[in-house]
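Undergrad: If you scroll down you'll find the structure; I have some questions about it.
The values are calculated or read from the model by the stated rules, or taken from the named source; none is laboratory data. Quick caveat: nothing in here was measured; it's all calculated off a predicted structure. Positions of Cβ are backbone-derived with ideal geometry, glycine not excepted, and every protein chain shown enters the neighbour counts.
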Amino acid sequence: MSEEVNNVPRTYSGALMAVLAAALVAALAGLIWCAVLASRLSSQQSELAEAKQQNSQLQAKLRETDARLEVATDELKTSLGLTQKQLDARAQEITDREQRVEADAQKLANAQKKTAQQVTAVSSAVSDVKTDVGGVKTDVAKTQSDLAAAVSQLTLMKGDLSSHASLIARNHDELEVLRHKGDRNYYEFTLVKGEKKPVGTVSLELRKADSKKSKFTLVVYSDDKQYEKKDRNVNEPLQFYSGKDPLLFEIVVNSIGGKNSTITGYLSAPKTAPAPAAAPAASGQ
């Protein structure tokens, strides 16, 4: 019993010692950790100070760089400003040239279109002309054929001079046939008895007419001479020579009217004879 009582304080003393030892160890560990933290904090503070210093240096360099960049930017702006003006001028020049080229191309296209239309129109006109020419050729051939047939129906008679014979027209329609032959010039006339009348380059005067006998007498005035054609027949060629180089003229009287007071007919003159100064236009074309 006494041993158990004697052992209790010893047990309490050992436990206390253990707690104190543990606290001491913990305190020692805390001091060590605090020392480590302090060392780390000091190192980090040193590093932070160094970083701040480097940051300040970087900021100074950045400010210097910004200043240089600003100067360079101003210079570049100035340089780019001049270049931009040149580029703008060049661009405007190119634009103007392209517009001119486009306008010229449009004009050329319009001209080509117009030319094509004109060519088409001309081609069409040429085709029409070819058609017309074909028709004209046909008409001319027919006219020539008709003229040949009409001429073949004209009367061939000898004149009152020598043995010269010529075709005569017995009326206006047959005279038109002679005109279309184009061999001579023809002047139609109507003479009133007792009247001297210019016909072509000569003058004619009716002296007498007899419709029952189809006879008449007239006088031809030419080259300051006069030729009397007495008691001649209707549709008989009356011939005479006139001009510096004597050319053969013919007079044909086709009818007698007006109670024997008028005659109608025509004067036939060579193509080479002088044209009358003031007389009805001759037809022989």
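Undergrad: Can we say residue 260 is in a loop (DSSP other than H, G, I, E, B), closer than 22 Å to residue 176 by Cα, at pLDDT 90 or above and polar (S, T, N, Q)?
TA: Values: in a loop (DSSP other than H, G, I, E, B): yes; closer than 22 Å to residue 176 by Cα: no; at pLDDT 90 or above: yes; polar (S, T, N, Q): yes.
Here the answer is no, as residue 260 does not meet what is asked.
Undergrad: Next up: Out of 188, 205, I need the residue that is among the charged types (D, E, K, R), in the same structural domain as residue 264 (by TED's automatic domain parsing) and under 15 Å from residue 249 (Cα atoms). Which one? Spell out the reasoning first.
TA: Working: 205 fails: under 15 Å from residue 249 (Cα atoms).
Step by step, each of 188, 205 is checked, and only 188 is among the charged types (D, E, K, R), in the same structural domain as residue 264 (by TED's automatic domain parsing) and under 15 Å from residue 249 (Cα atoms).
Undergrad: To continue, here is another question. Answer with yes or no whether residue 228 is at pLDDT 90 or above, in the same structural domain as residue 181 (by TED's automatic domain parsing) and surrounded by fewer than 17 Cβ atoms within 10 Å (Cβ to Cβ).
TA: The answer is yes for residue 228.
Undergrad: While we're here: Inspect the stretch 152-159 for any residue being in a strand (DSSP E or B), among the β-branched types (Val, Ile, Thr) and at pLDDT 95 or above and give the result as yes or no.
TA: Within the stretch 152-159, the first condition is being in a strand (DSSP E or B), and the residues that meet it are 155-158.
With among the β-branched types (Val, Ile, Thr) added as a condition, the list becomes 155.
Still in the running and at pLDDT 95 or above: none.
No, there is no match, as no residue in the stretch 152-159 is in a strand (DSSP E or B), among the β-branched types (Val, Ile, Thr) and at pLDDT 95 or above.
Undergrad: Quick one: is residue 238 within 60 Å of the chain's Cα centre (by Cα) and not polar (S, T, N, Q)?
TA: Values: within 60 Å of the chain's Cα centre (by Cα): no; not polar (S, T, N, Q): yes.
The answer is no for residue 238.
Undergrad: Suppose the filter is assigned to a strand (DSSP E or B) and of a type in the set (Asp, Glu); does residue 188 pass it? Explain how you work it out, then say what you get.
TA: Values: assigned to a strand (DSSP E or B): yes; of a type in the set (Asp, Glu): yes.
Spelling it out, residue 188 is indeed assigned to a strand (DSSP E or B) and of a type in the set (Asp, Glu).
Undergrad: Given 73, 65, which one is at pLDDT 80 or above, surrounded by 10 or more Cβ atoms within 10 Å (Cβ to Cβ), part of a helix (DSSP H, G or I) and among the hydroxyl-bearing types (Ser, Thr, Tyr)? Spell out how you get there, then give the answer.
TA: Working: 73 fails: at pLDDT 80 or above.
Answer to the selection: 65.
Undergrad: Follow-up question, since we're still on this one. Name the one entry in 125, 121 that is part of a helix (DSSP H, G or I), at pLDDT 80 or above, of a type outside the set (Asp, Glu) and not assigned by TED's automatic domain parsing to the domain that holds residue 237.
TA: On the way: 125 fails: at pLDDT 80 or above.
Of 125, 121, the one residue that is part of a helix (DSSP H, G or I), at pLDDT 80 or above, of a type outside the set (Asp, Glu) and not assigned by TED's automatic domain parsing to the domain that holds residue 237 is 121.
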